[in-house]
Amino acid sequence: MSMQFRLPCPAVASPLKRVGPIAAVLMAALVLVTSAASGNYTDPAGDSGAAGDITSVTVAGDKGGGALLFKITGTNLASSEKNVLLLNIDSDANPLSGDLTDGGADYSFVMDDGSYWFDRWDGAHWVEAPRSTVRITGGTTQIMVSINRSEIGNSSDFNFTATTLSLSEIAFDVAPNDGAYNYSFEANGPQIDSVDVQTTPSAGPRAGKRFVVLPVGLKLPPDGRTATTPVLPESYSCTAKLGAKQLAGSGTGGCTVTIPKKKARGKRLTVQLTVVYQGVTKVVPLTFKVT
């Protein structure tokens, strides 16, 4: 992803609270959102040089009220005026619109040790954005950004990146390393549009033989990735029935089943494939005819 590092005009800075517990207002609209119901995004540690090192980002949202909470975790985050943290939001999940030099970003936060800036892309320039719902707090190991989606284009799903930048050493850490993360209010994490599946044998289940179901790629909204390797689930599992009879699974995730030899031909094998990725669980129903 092409990226242009921007420093905002000091005239539009707002105070960033560095000490004390997060204000209750940040969590009021998210009180019903559990830690398990959120997008959980990781980034490798130790890849930032002299800049801050991002290790994870958690995003939780309230679909009804529109509140969003970003928790950016790492070390040496926004620790000085020359060591800053950026949060870029591509509000329409389209890297081909917005600021193309910033991966299609439409809104952007920049944070240092005492202030933050919040800007929007007006089609040609970055300008100051409304911030009546914005609250930012934290320390050098975790920064929390709260905003209502009404101030980021009322998005139902969006892409985002978090970036640290050292102006002294010209070092940075971009999370993720390629493309952008995706968040959907409906999924409370990345939107998984579909799952590509490979079976062995490829022609389908056969009586008296083993049958394997394997997820080989997740289809996500466009995110500007340059790598051609498929996005794989972090884990997966299967349950299978032959007609009304439950079949025992083996192998990874229980996704290998042995089809009975007798009275199986012509029957329907149903498989519930469950994939887990960045805090989201998606169940994919699959149906096969035994030959």
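The values are calculated or read from the model by the stated rules, or taken from the named source; none is laboratory data. Note that the coordinates shown come from a computational prediction; the quantities given were computed from them, not determined experimentally. Every residue, glycine as well, gets a Cβ built from its backbone with ideal geometry; the counts of neighbours run over all protein chains shown. These area figures cover heavy atoms from the full protein model, side chains too; ligands, DNA and RNA do not enter into them. Shrake-Rupley method; radii C 1.70, N 1.55, O 1.52, S 1.80 Å.
Computed with the Debye formula from one identical point scatterer per Cα of segment 38-100, without solvent, the log10 of I(q)/I(0) at q = 0.14, 0.17, 0.27 Å⁻¹ comes to -0.55, -0.78, -1.13. Of the whole protein surface, VAL283 contributes about 80 Å² of accessible area at a 1.4 Å probe radius.
Expressed as a rounded percentage, what relative contact order does the chain have, with Cα pairs under 8 Å and six or more residues apart? Computed over the chain, the figure is 17 percent.
Taking a point 7 Å from the Cα of SER194 along the Cα-to-Cβ direction, none of the residues of segment 263-279 has its backbone N closer than 13 Å to it. Within the accessible surface of the chain, defined with a 1.4 Å probe on protein heavy atoms only, the carbon and sulfur portion equals 54 percent. Both numbers refer to the Cα atoms of the chain; Rg and Dmax are 22.5, 78 Å.
Rolling a 1.4 Å probe over the protein heavy atoms gives the chain an accessible area of 47 Å² per residue.
Label sites at ALA50 and THR291, each approximated as a point 7 angstrom past Cα along Cα to Cβ, lie 6.4 nm apart.
Comparing Cα centroids, segment 51-125 and segment 182-214 end up 33 angstrom apart. For the set LYS219/LYS289; LYS82/LYS282; LYS245/LYS282, the pairs lying more than 31 angstrom apart at their alpha carbons are LYS82/LYS282. Dividing the C-alpha radius of gyration of segment 168-291 by 2.2 N^0.38 Å, with N its residue count, gives 1.33. Per-residue extension of 0.36 nm, minus the Cα-Cα distance of GLN142 and ALA124, leaves a gain of 3.2 nm for this segment.
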